[in-house]
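The values are calculated or read from the model by the stated rules, or taken from the named source; none is laboratory data. This structure is a prediction, so every number in the text was calculated from the model and none was measured. Don't worry about glycine lacking a Cβ; one is built from the backbone with ideal geometry, like all the others, and counts go over all protein chains shown. Surface areas here come from the heavy atoms of the whole protein model, side chains and all, with no ligands, DNA or RNA. Shrake-Rupley method; radii C 1.70, N 1.55, O 1.52, S 1.80 Å.
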Amino acid sequence: RGVMAQYHALALLHKLRKNDKLSVSKLVQSVNTTPIRSPMALCLLIRMCTEVLKEDFEAAPDLSQFVVNSLKHSSEMVVFEAAKGICTLKIPNAKDLTPAILVLQLYLTSHKPVLRFAAIRLLNKVATTQPLAVTTCNVDMESLVSDPNRNIATLAITTLLKTGSEFSIDRLMKQIGTFITDIADEFKVVVIDAMKLLCVKFPQKYSVLLSFLSEALRDEGGYDFKKSIVDAIIKIIDTNPQAKEDGLLHLCEFIEDCEFTLLSQRVLHYLGQLGPTTQNPHRYIRYIYNRVILESPAVRAASVSALAKFAALCPPLRQSVKVLLQRVMQDNDDE
């Protein structure tokens, strides 16, 4: 039979039975004993095995063994699909990830950029939940930091941030800062997501992280990129009380020149919640009132709400805020 015929036949059988989990399980077990020459059909079969194993990893040892054995296949596509399947399962023992990690480690040194990219991207995802399982690849990932492909270098650095020690953070942050403006927003968000993990893992490094994030806020980028930075700064503030005042000031500077209404509203709401609880709440009033003068009606309304919170929670500032709110009563927008 032709390799394409095998793939389409298996795909059709899976589509017919996909709503019946027991039927899919029986299909996988029956096909598992049939020699399959098509790499695409094998990839589909591995995905089907993964679907069954996600329900109960220990209930089908023959299927899990088939996926592990696929790591020795001659086709790189099949090997990577097997590694991906193993890494996406909720495996109770991290040691069960070792065969897949070893294969991905070999791909990190491949002369093919697509294999290096695929391996480091998958390792980056694994490092989010199982950083210790990926630490064996740290030496190989270090060599990818200087990879000519910026996307690969970015993923390598963010993975090292997740798996490395506190002492390597400063060096890695400086390295990624040199080319973050050259990569796509999709990978910038990956970098920021790594910052969120770091702020929990190493709270004493908050000043370094805030400095990096404030610089990133000044760079060009879309809504998702800027939102991820704002989320990261807010998470640092929420998890580390020492970072509160510095973090709020960075957010104040951001809304001075923010092109996204939703982000401005969110920051203003957050300032209204946390600003009155700081040692010097008066320092945020100017930033908030500037938004009343210069922004759209939606942002002006959020600014008024934030000022009202300062007046309600900070008696020493109440009279000053009252004067500012009286000026706002002349606003063209009735709301």
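Does at least one position in region 268-283 carry a residue that is among the aliphatic types (A, V, I, L, M), assigned to a helix (DSSP H, G or I) and either within 25 Å of K188 (Cβ to Cβ) or free of Cβ contacts under 8 Å to residues at least 24 places away in the same chain (or both)? Walk me through it before giving the result.
Of all residues in region 268-283, those among the aliphatic types (A, V, I, L, M) come to 268, 271, 274.
Next cut, assigned to a helix (DSSP H, G or I) only: 268, 271, 274.
From what's left, either within 25 Å of K188 (Cβ to Cβ) or free of Cβ contacts under 8 Å to residues at least 24 places away in the same chain (or both): 268, 271.
Yes, that holds for at least one residue.
Tell me which helices (runs of 4 or more DSSP H) are completely within region 61-121 and hold 3 or more residues being within 17 Å of R47 (Cα to Cα) and open to solvent by less than 20 Å² (accessible area, probe 1.4 Å), or say none if there are none. Please lay out each step first, then the result.
Details: elements: 61-69, 76-88, 98-107.
It comes to 76-88.
Can you pull out every residue in region 127-140 that is open to solvent by less than 70 Å² (accessible area, probe 1.4 Å) and closer than 10 Å to K162 by Cα?
Matches in region 127-140: A127, T128, Q130, P131, V134, T135.
Can you pull out every residue in region 291-301 that is touching a residue at least 12 places away in the same chain (Cβ under 8 Å), part of a helix (DSSP H, G or I) and either open to solvent by 20 Å² or more (accessible area, probe 1.4 Å) or touching a Phe, Trp or Tyr at 6+ places or on another chain (Cβ under 6 Å) (or both)? Can you show your working first?
Within region 291-301, the subset touching a residue at least 12 places away in the same chain (Cβ under 8 Å) is 291-292, 295-301.
The next check asks that each one be part of a helix (DSSP H, G or I); those that pass are 291-292, 297-301.
Passing the criteria: P297, A298, R300, A301.
List the pairs whose first member sits in region 2-22 and is at pLDDT 70 or above and of a type outside the set (A, V, I, L, M), whose second member is loosely packed, with under 15 Cβ neighbours inside 10 Å and part of a helix (DSSP H, G or I), and whose Cβ atoms are under 6 Å apart, counting only residues at least 6 apart or on separate chains?
R17/S23
Yes/no matrix, rows are residues, columns are (1) under 22 Å from C252 (Cα atoms); (2) aromatic (F, W, Y); (3) touching a Pro at 6+ places or on another chain (Cβ under 6 Å); (4) in a helix (DSSP H, G or I):
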{"residue": "L197", "(1), (2), (3), (4)": "no, no, no, yes"}
{"residue": "K205", "(1), (2), (3), (4)": "yes, no, no, yes"}
{"residue": "S214", "(1), (2), (3), (4)": "yes, no, no, yes"}
{"residue": "F225", "(1), (2), (3), (4)": "yes, yes, no, yes"}
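Please pick out the residue among I237, I288 that is in a helix (DSSP H, G or I) and touching a Lys or Arg at 6+ places or on another chain (Cβ under 6 Å). Working first, answer last.
Values: I288 fails: touching a Lys or Arg at 6+ places or on another chain (Cβ under 6 Å).
Residue meeting the stated conditions: I237.
Pairs needed: first member in region 227-242, closer than 12 Å to L197 by Cβ; second member anywhere, open to solvent by 30 Å² or more (accessible area, probe 1.4 Å) and of a type outside the set (S, T, Y); C-beta distance under 7 Å; at least 6 residues apart or different chains.
A232/K196; K235/K196; T239/V200; T239/P203
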